[in-house]
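Just below is one structure, and these are the notes that go with it.
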Amino acid sequence: MPIKSYLAHAITGKKTELMHALKSMEQCEVVPAENQDVLALVTDTANEQEDELLKEKIEAIESLKLLSLVSGFNAPQK
């Protein structure tokens, strides 16, 4: 199960719109910064294919300016 954390930078003035779009995705957890147009984003998917599809959906959000991967972890399935 890939677990990844990102910094999601919103287009100026679109932070709330970006936050709502990300929160509507089941595999996403979002924490907004208080003083910047940036969000901490953690994704948790079942496999690499689902992770890649989710990343494509996130990158297609119009209010997203930049998505920066901070950390990635892939737990082996037992």
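Here's the yes/no breakdown for (1) aromatic (Phe, Trp, Tyr); (2) touching a residue at least 60 places away in the same chain (Cβ under 8 Å):
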site: Tyr6; (1), (2): yes, yes
site: Thr12; (1), (2): no, no
site: Leu18; (1), (2): no, no
site: Gln27; (1), (2): no, no
site: Ala40; (1), (2): no, no
site: Thr43; (1), (2): no, no
site: Asn47; (1), (2): no, no
site: Leu67; (1), (2): no, yes
site: Ser71; (1), (2): no, yes
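Meeting the requirement of 3 or more residues that are at pLDDT below 95 and surrounded by 11 or more Cβ atoms within 10 Å (Cβ to Cβ), the strands (runs of 3 or more DSSP E) wholly within the chain are 2-10, 64-74.
Restricting attention to the stretch 30-62, the residues that are within 15 Å of Gly72 (Cβ to Cβ) and among the acidic types (Asp, Glu) total 5. Counting just the residues of the stretch 24-52 that are under 13 Å from Pro2 (Cβ atoms) and of a type in the set (Ser, Thr, Tyr), which one comes out farthest from the chain's Cα centre (by Cα)? So, considering only residues that are under 13 Å from Pro2 (Cβ atoms) and of a type in the set (Ser, Thr, Tyr), the one farthest from the chain's Cα centre (by Cα) is Thr45.
The values are calculated or read from the model by the stated rules, or taken from the named source; none is laboratory data. What you are looking at is a predicted structure, and each value in this text was computed from that prediction instead of being measured. Neighbour counts are summed over all protein chains in view; Cβ atoms, including those assigned to glycine, are modelled from backbone coordinates with ideal geometry.
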